[in-house]
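Notes follow once the structure below has been shown.
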Amino acid sequence: MVALALMEERHFGDFLVQLGARVERVTLDAPEVLLPQLSAHDHDEAAEEDHDHDHDHEAESSVTRVFNVAQEFTPVSLSAGVVWDFTPGYNAAISVSRAQRAPSASELLSFGPHIGTSTYEVGALFALSGNEDSALSLSSSAIDLETSNNIDLTLRKISGDVGFVFNAFYNQVDNYYYQVNTGLFAESGHDHGDEEESEEHDHSDELPVYLFRAADAILHGFEAQVAWQVTDEFKAQFFSDYVRARLKDGGDLPRTPPLRVGTQLSYQTESLSAHLDITHYAKQDRIDASETVTDGYTLVDAFVAYDFNVMSQDMSVYLKGTNLTDEEARVHTSFLKDIAPRPGRSVGVGLRGYF
Amino acid sequence: MNTQTKLTFLAAAISSVLLTGCGDAETTIVELPPIEEEHDHDEGEEHNHDEYEIDSAGRLSVTDADSNALAIFDLDDNSLLDTFSLTHSGSALMHSADYRFAVVTSRANDLVEFIDGGLWREDHVEHLHDYEEAPAYSDFTLAGSRPTHVDGHNSQLAVFYDGDADSGIPASVQVVTDTDIAAETAEVNTLTFNVNMHGVAKPVDDMLIASVRRDDSETTSANPILPDSVGIYHRHDGDYEQEQLFAGECPDLHGAALNDEHVVFGCSDGVLVLHAHDEEYESLKVDNIDELNGMRIGTVYAHHDVETFIGIASQHGGGSAVLTAIDPELGEMEAIDWEPETNAHPVSYGFSFDGEHFLILDDLGYLSVLSAHEHDDHAHWELEERLDISDADLSLMPEGGAFSMTIAQNAAEVYVADPIAQHVLVIDLESGETTGDIELDFVPSAVTWLGIAEAH
């Protein structure tokens, strides 16, 4: 990859004008891309019969198609922004940009199990075929750059005991690359030789097939943060963020984080420091068809530390607790949300020495 | 125009160029020849079978009665593959435990040599892998005083050295696998006795069941060079340690055979049967029967799929022979009426590869094929057919010569060497027909089948 970037900014009175541009050259050469016949199947009854039927054939040949893939991308990104100091201690900003991104090698060429997410990943170079012999074939769609047109609006208060940042954004993205659950399952590749297991049709060795695909999407939302220095020792912060991610043709994008609202209260003296963090994650019910609704939850974390001196050594004793209400918290953005919730309540006591 | 303004213009110019150029994406996909693979879902193991296993009739090693030559023939086309000069002439010919090597024993010269037949199988865990190479003289040899009995069982070959009383050399046993021979191992599992004896040993996993000669003052043997006891030895770090002794239970012990359940030794007063039970061996004695006419069983044959052992009692010097069927489970022995031709004296015996038949080759050139019939829960061995494998004038038999045979371990075939006609006949036991004739340009003294035995 080769890239050239340029940034310029200039003040015009109360206005700061910023311009940016970046051009890249990304090449991706994969001389031997293998497309094996993937006997992926879904787990409903009818399809299972089909699956068994396939395995009843005494002998069959598998054909692995081979491709030499060469790709060349030239993404160009431009941005322009204005920051207006409309009154002392405040400013407002607007930024517009058009950004392009070349899809990564994994987004295009993946074809196999991904242990970290327990999925069978298939790149955007491939598509579902509807063919009986193999669930996947080469995609007939052109591989395009991901291009986003963005507008950001920001209002800041940057002086005084109370400060804030409010930001709203709107992104219209062409060819947004994301992983979609195909509803099919493929063998993970472990225990291939175990004939008995496959005869019994044990699904434990199978992974859900996730296909990278590109579609036009619209993402909009906001971020807000307010900080209030109540006294010299006590500070309160409030924050919230939200994104609405949907497909242009209808439907929602998968694994989109829910609305988040939180507060962080801090108390700090020379020897004592304490934090109380409370964050609420809203229920996420704007979901892709293959997803399930994720319930909202509130996490409460607390930390208290006391610093002292023993024999000229700086020491600190602390008490730390996370998820104090022991909420069952599942992360909607995780592939493993149904398998791995966030940790339950934990409390720790420690003594720390500084040397 | 100041520098700042120039830069601004430059930025604007570049931006304009880029804006008009826009982003570009180009993908070139060329399909290459596909990789095709045949699968056999239901018979995956057989798929491997086809891929790695070799279908071959095997090879035949034949020693020359008049020289120290050993010839190896390819039984797929009966062609001569190679001829080797053995170190000594007049050697005995056997096969290694897994039939890869011809084992050549020169008792008088204290030497055991090996010729690689070139066909063997390795267990690669996921599949059995067969190899087919040219025969070759192995550099590996075994040395010991008076190597006499050579017995293979379950991939282990035991060479029994009788030792020599005159030189004060005790008897000993060396145990090697085909892998040991191929690797020319420097560490050979060995059991050394305190005294010489004309004995026998049978390897069973990490055990060795061997004859034991006790002190002449306490032996029950009439001929003290023959042992009268059996010891059970366990291997530790390459040496065998005695764990059990069946003292004095087999006077004048000679001849032994084993299947997966029992070990049978020939004794002057009957046969001694050993049977493993809870890691301990138990003994049972089966007395001689009247039909032996005062002779004793001195040779025993066994097959892993056959419960019955065949015991042979014969007079020294190739006299008439009495065959007995020994049921080690019931502790019974009965004579087998194999209806020999008048004046026929057996020269060679053996079970067919599948245990269906017991074969007797006699000096008149007949091959008697016996088979077992169940009657009253007993297996009775009877003559099924007799094949005349030589129409030559027997008076032309070279001095010291004899018919000899070897039994294929992958098919119902037997190979009979005829010193008069100087050929080896291939006999199909299923049809009783002679299906091949390997012409020799020398007088054969012994033949041994080599190759990949059918798994059992």
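The values are calculated or read from the model by the stated rules, or taken from the named source; none is laboratory data. These numbers were taken from a predicted model, which means no experiment stands behind them. Because the Cβ atoms are built from the backbone with ideal geometry, glycine has one as well, and the counts that use them run over all protein chains shown.
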**OP:** Looking for whichever is crowded, with 17+ Cβ neighbours inside 10 Å, touching a residue at least 24 places away in the same chain (Cβ under 8 Å) and among the charged types (D, E, K, R) here; the options are B:Glu385, B:Glu356. Which one fits?
**Re:** B:Glu356
**OP:** Kindly check whether there is at least one residue in segment A:165-182 that is farther than 16 Å from A:Ser106 by Cα, under 26 Å from the mean Cα position of the chain (by Cα) and hydroxyl-bearing (Ser, Thr, Tyr).
**Re:** yes
Original post:
So, in segment A:58-83, of the ones that are surrounded by fewer than 17 Cβ atoms within 10 Å (Cβ to Cβ) and within 30 Å of A:Phe166 (Cα to Cα), which residue ends up farthest from the other protein chains (Cβ to nearest Cβ)?
Top reply: A:Val82
Original post:
How many of the residues in segment A:126-144 are assigned to a loop (DSSP other than H, G, I, E, B), of a type in the set (S, T, N, Q) and at pLDDT 75 or above?
Top reply: 4
**OP:** Quickly run through segment A:287-316 and pick out the residues that are surrounded by fewer than 16 Cβ atoms within 10 Å (Cβ to Cβ) and farther than 30 Å from A:Pro341 by Cα.
**Re:** A:Tyr306, A:Phe308, A:Asn309, A:Val310, A:Met311, A:Ser312, A:Gln313, A:Asp314, A:Met315, A:Ser316
**OP:** Please determine, by comparing only the residues of segment B:167-181 that are small (Gly, Ala, Ser) and buried (at least 18 other Cβ atoms within 10 Å of the Cβ), which one is farthest from the chain's Cα centre (by Cα).
**Re:** B:Ala171
**OP:** Tell me which of these B:Tyr233 doesn't satisfy, since it passes every other one: (1) in contact with an Asp or Glu (Cβ under 8 Å, 6 or more places away or on another chain); (2) part of a loop (DSSP other than H, G, I, E, B).
**Re:** (2)
**OP:** State all residues of segment A:88-103 that are in a strand (DSSP E or B) and out of contact with any helix residue (DSSP H, G or I) (no Cβ under 9 Å at 6 or more places or on another chain); if no residue qualifies, say none.
**Re:** A:Tyr90, A:Asn91, A:Ala92, A:Ala93, A:Ile94, A:Ser95, A:Val96, A:Ser97, A:Ala99, A:Gln100, A:Arg101
Original post:
Quick check: is even one residue across segment B:188-204 within 16 Å of the chain's Cα centre (by Cα), within 22 Å of B:Glu113 (Cα to Cα) and surrounded by fewer than 22 Cβ atoms within 10 Å (Cβ to Cβ)?
Top reply: no
**OP:** Would you please name the residue that is farthest from the chain's Cα centre (by Cα), looking only at residues in segment A:306-347 that are part of a strand (DSSP E or B) and in contact (Cβ under 8 Å) with a residue 40 or more places away in the chain?
**Re:** A:Gln313
**OP:** Considering only segment B:133-152, state which residues are more than 18 Å from the chain's Cα centre (by Cα) and either farther than 30 Å from B:Phe193 by Cβ or part of a loop (DSSP other than H, G, I, E, B) (or both).
**Re:** B:Glu133, B:Ala134, B:Ala136, B:Tyr137, B:Gly144, B:Ser145, B:Arg146
